[in-house]
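Trainee: This is the structure, below, for whatever I ask next.
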Amino acid sequence: MGLQPLEFSDCYLDSPWFRERIRAHEAELEKTNKFIKELIKDGKNLIAATKSLSAAQRKFAHSLRDFKFEFIGDAETDDERCIDASLREFSNFLKNLEEQREIMALSVTETLIKPLEKFRKEQLGAVKEEKKKFDKETEKNYSLIDKHLNLSAKKKDSHLQEADIQVEQNRQHFYELSLEYVCKLQEIQERKKFEFVEPMLSFFQGMFTFYHQGHELAKDFNHYKMELQINIQNTRNRFEGTRSEVEDLMNKIRQNPKDHKRASQFTAEGYLYVQEKRPAPFGSSWVKHYCMYRKAAKKFNMIPFEHRSGGKLGDGEVIFLKECTKRPADSIDRRFCFDVEAADRPGVPVTVQAFSEEERKQWLEALGGKEALFHSFNRAIIPRPEGSAQLDKMGFTIIRKCISAVETRGINDQGLYRVVGVSSKVQRLLSMLMDVKTCNELDLENSVDWEVKTITSALKQYLRSLPEPLMTYELHGDFIIPAKSGSPESRVSAIHFLVHKLPEKNKEMLDILVKHLTNVSNHSKQNLMTVANLGVVFGPTLMRPQEETVAAIMDLKFQNIVVEILIENHEKIFRTPPDATFPEPVSLSASPPHAPPRQSKRQGQRIKRPVAVYNLCLEPEDGDGPNPCKEDTFTSCLDSPSSPSPTTAVAHGPPGTDRNHLPDGDWASAVPSQTRPSMVQWLNPQSPTTPSVCDPAVPPSSPKLSAFSFSLPATGADKAPESVVSRKARAVYPCEAEHSSELSFEIGAIFEDVQTSREPGWLEGTLNGKRGLIPQNYVKLL
């Protein structure tokens, strides 16, 4: 039962029960006062906690925004770029969420804390003041009555009448105060129901608004979240394929490490312990050095390096070899030793120690010492064994048979081409397909003896067994480049152009296969084989580098992207001619892994190597000059000292000129190198200039990009482009000049005024007052 009402008539009786009812009302208001006081305290704690949470969320968002993933290689896929950018998106999401939380925290103060404090102060505080007055008047009234009743009846009538009037006036005042107090008590009991609950409603409305804003942010984020999930899945799929390839390569190297040594610019290189002689009392010490030897120059570099001291690199020493002699076992108390004698210090040999007898023999052979074995220290790339699969009439028949069977029987099978068949059955089917007699008898479309997964595995195995991948070793690097940079449209155009450079049989086979894969992807709702999934499966099948290295395997994801582009743009790539304005890029596959192509020792002539053949003549920018594509003006255009912007180049050729019938290097000399647009310019036509070597966005240690990522400044009297900034550089490898235009230098040499060169992969710099060419990958920009 609730509180009993306070009747105004009871104020005149002021009975004990009336007083009990008043005390009940007062106790209820006191409880309400304490509750509101505690609620205000909790509300302030809630605001403080909200602010702490907001600060923690903002710090978390700040950490997300500042972190950046590093990647292996020289470029990222679009999926990886989206994953990298996701941290910033998450940060922005949290930032927007915390902005809404701050609004909510402010609303809690304004809509809950302040109204409750006001109600407690103005309403409950007023009742307390009324209670004090009521208690005071009660005390005064009944004290006066007691005193009045104690008056002697013997007093004068006038005195008694005056006392009666005073008592009556006091009683009336008490009744009036009692009425007001009772009214106030009941009023506040009713008022608290809305004065207290209304702020609570506003508080919850603010919370609902915050959560609604969060819901709206989540809805806006949902589309990005779905795309990011696809990016993550694609990257995971590519990772699985890359990991298996890396593990295979690791196992091959583990079984036979000598056969998988990378090609090197040095005849021999590795660790040797070098004896350093000290004064007589101290004897000698042996210090580990990383040694490199070039046979042509007889230059022997020694760089002290200690792994245990955190990889500290010391100052190197260079000697020019005069002779190398094996140390007899009885002449020194250490094994595997030999002496190296410098040409400028005859009779003062340097004693070095190899790690094993086998390594000593290899060093002796490389240095021309005694007991040399016919054994190459650095092995050439081992070609893959050629299978019996060929791109002949039989090969086309096999591929068509398999494709027809797959499209007839299993186009909707889940995991098509991803689920592999039993190895023994796949080999048996391949054997039958590659036999002319049994191949014609096989009816794969209607046969129940061969599962679809066996047929798909046989098709992939056949393509992998070709002597050369379908997209060739020669164009492998060129196909990878557009997948690493540029807009989606420029990538399609670049790959479109390169596909039409493939040998005719390769292009025809690729057309048949990609058309089939397009059909497979069109049924992805049933077979779950999206374009991305097919790229993961067929990237390593259609493309592979000639040399198996970890760096090459890191490009596997870009092979997948190339295949995805082929599938998504099959009709355009195979049914229409490529864009005539696309510049033919430099082939990267034939370049050495450590150095760019160099000049020959014959002045003004280049050694035979893949050059950038752009097949270009240039139109004047203002349109008023003669058309250089006309036969009578072609030569004068090439000889002109001024060069139009590379972006105005159009693809033509000298009339009547066939590139294939020109001597080596003549076509390259027909068009000045500084007028040839680079691949980066073509992939990013909106960019006025290509990145310079000094641009921090272009890694100087990326030899694969060297042919495409540098602007081409003029030398001599010509001005360098505005994008080129002179820098200093330090040599990280020694180099011996093979031509008068090149610089020779040792490790640690400092170059001044370093700029990009006309030669792809080369820089120009000044060393000791002499200016010349520097291999880009031999130096580090400062």
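Trainee: Which ones in region 194-227 are hydrophobic (A, V, I, L, M, F, W, C), in contact (Cβ under 8 Å) with a residue 60 or more places away in the chain and assigned to a helix (DSSP H, G or I)?
Mentor: Within region 194-227, MET200, PHE203, MET207, PHE210, LEU217, PHE221 meet the criteria.
Trainee: Give just the number: which of (1) touching a residue at least 24 places away in the same chain (Cβ under 8 Å); (2) over 30 Å from GLN205 (Cβ atoms) does ASP135 not satisfy?
Mentor: For ASP135, the failing item is (1).
Trainee: Between a first residue in region 349-365 that is farther than 17 Å from GLU323 by Cβ and in a strand (DSSP E or B) and a second residue that is of a type in the set (Lys, Arg) and at pLDDT 90 or above, which pairs have beta carbons less than 7 Å apart while being 6 or more apart in sequence or on different chains?
Mentor: Within 7 Å, no pair qualifies.
Trainee: Now a separate question. Inside region 410-427, can you point out the residues that are open to solvent by 60 Å² or more (accessible area, probe 1.4 Å) and under 17 Å from LEU513 (Cα atoms)?
Mentor: The one that is open to solvent by 60 Å² or more (accessible area, probe 1.4 Å) and under 17 Å from LEU513 (Cα atoms): ARG418.
Trainee: I would also like to ask the following. If you go through region 97-118 one residue at a time, do you hit one that is outside the structural domain of ASP555 (by the TED database), part of a helix (DSSP H, G or I) and within 30 Å of PHE174 (Cα to Cα)?
Mentor: Yes - at least one qualifying residue is present in region 97-118.
Trainee: Any residue that is surrounded by 12 or more Cβ atoms within 10 Å (Cβ to Cβ), among the polar types (S, T, N, Q) and assigned to a helix (DSSP H, G or I) - is there at least one of those in region 428-436?
Mentor: yes
Trainee: Could you list all residues from region 214-234 that are of a type in the set (A, V, I, L, M, F, W, C) and either surrounded by fewer than 13 Cβ atoms within 10 Å (Cβ to Cβ) or at positive phi (or both)?
Mentor: Scanning region 214-234 gives ALA218, MET226.
Trainee: Is it the case that region 387-400 has a residue that's assigned to a loop (DSSP other than H, G, I, E, B), touching an Asp or Glu at 6+ places or on another chain (Cβ under 7 Å), at pLDDT below 85 and over 30 Å from LEU528 (Cα atoms)? Explain how you work it out, then say what you get.
Mentor: Step one: list which residues in region 387-400 are assigned to a loop (DSSP other than H, G, I, E, B), which gives 387-392.
Still in the list and also touching an Asp or Glu at 6+ places or on another chain (Cβ under 7 Å): none.
No - not one qualifying residue is present in region 387-400.
Trainee: Let me ask you something else. Is it the case that region 195-213 has a residue that's aromatic (Phe, Trp, Tyr), over 21 Å from ARG88 (Cβ atoms), touching a Ser or Thr at 6+ places or on another chain (Cβ under 8 Å) and open to solvent by less than 80 Å² (accessible area, probe 1.4 Å)?
Mentor: Looking only at region 195-213, we keep the residues that are aromatic (Phe, Trp, Tyr), and these are 196, 203-204, 208, 210-211.
Then drop every residue that is not over 21 Å from ARG88 (Cβ atoms), which leaves 196, 203-204, 208, 210-211.
Subsequent filtering for residues that are touching a Ser or Thr at 6+ places or on another chain (Cβ under 8 Å) retains 196, 203.
Right, trim to open to solvent by less than 80 Å² (accessible area, probe 1.4 Å) and you get 196, 203.
The answer is yes, given that some residue of region 195-213 is aromatic (Phe, Trp, Tyr), over 21 Å from ARG88 (Cβ atoms), touching a Ser or Thr at 6+ places or on another chain (Cβ under 8 Å) and open to solvent by less than 80 Å² (accessible area, probe 1.4 Å).
Trainee: Filter region 519-530 down to residues that are open to solvent by 30 Å² or more (accessible area, probe 1.4 Å) and not basic (Lys, Arg) and give me whichever is nearest to GLU571 (Cα to Cα).
Mentor: Once the filter is applied, the top-ranked residue is ASN519.
Trainee: Which one of the conditions (1) open to solvent by 80 Å² or more (accessible area, probe 1.4 Å); (2) in the same structural domain as LYS31 (by the TED database); (3) among the β-branched types (Val, Ile, Thr) does ILE165 fail to meet, given that it meets all the rest?
Mentor: Tallying (1) open to solvent by 80 Å² or more (accessible area, probe 1.4 Å); (2) in the same structural domain as LYS31 (by the TED database); (3) among the β-branched types (Val, Ile, Thr), ILE165 fails exactly one: (2).
Trainee: Among the numbered conditions (1) loosely packed, with under 12 Cβ neighbours inside 10 Å; (2) part of a helix (DSSP H, G or I), tell me where LEU144 comes up short.
Mentor: The failed condition is (1).
Trainee: For region 42-99, give me each residue that is without any contact (Cβ under 8 Å) to a residue 12 or more places away in the chain, within 30 Å of LYS114 (Cβ to Cβ) and of a type in the set (Asp, Glu).
Mentor: ASP42, GLU99
Trainee: Let me ask you something else. Quick one: would you say GLY241 is under 30 Å from PHE90 (Cα atoms) and at pLDDT below 85?
Mentor: yes
Trainee: Also: Considering each residue of region 456-486, count those that are farther than 19 Å from CYS402 by Cβ, touching a Leu at 6+ places or on another chain (Cβ under 7 Å), surrounded by fewer than 23 Cβ atoms within 10 Å (Cβ to Cβ) and not aliphatic (A, V, I, L, M), and give that number.
Mentor: Count: 4.
Trainee: Would you confirm whether any residue within region 465-475 is part of a helix (DSSP H, G or I) and touching a residue at least 40 places away in the same chain (Cβ under 8 Å)?
Mentor: no
Trainee: Could you tell me which numbered condition GLU187 fails, if it satisfies all but one of (1) without any contact (Cβ under 8 Å) to a residue 24 or more places away in the chain; (2) surrounded by 15 or more Cβ atoms within 10 Å (Cβ to Cβ); (3) closer than 20 Å to PHE8 by Cα?
Mentor: Tallying (1) without any contact (Cβ under 8 Å) to a residue 24 or more places away in the chain; (2) surrounded by 15 or more Cβ atoms within 10 Å (Cβ to Cβ); (3) closer than 20 Å to PHE8 by Cα, GLU187 fails exactly one: (2).
Trainee: I've got another one for you. Among the residues of region 356-382, which ones are at pLDDT 50 or above and open to solvent by 50 Å² or more (accessible area, probe 1.4 Å)?
Mentor: If we filter region 356-382 for residues that are at pLDDT 50 or above, which is where we start, we get 356-371.
Result: GLU357, GLU358, GLU359, LYS361, GLY368, LYS370, GLU371.
Trainee: Is there a residue being touching a His at 6+ places or on another chain (Cβ under 7 Å) and in the same structural domain as ALA458 (by the TED database) anywhere in region 522-534?
Mentor: Initially, region 522-534 is screened for residues touching a His at 6+ places or on another chain (Cβ under 7 Å), giving none.
The answer is no; no qualifying residue exists.
The values are calculated or read from the model by the stated rules, or taken from the named source; none is laboratory data. Computed from a predicted structure; not experimentally measured. Neighbour counts are summed over all protein chains in view; Cβ atoms, including those assigned to glycine, are modelled from backbone coordinates with ideal geometry. For accessibility, only protein heavy atoms count, side chains too; no ligands or nucleic acids. Shrake-Rupley method; radii C 1.70, N 1.55, O 1.52, S 1.80 Å.
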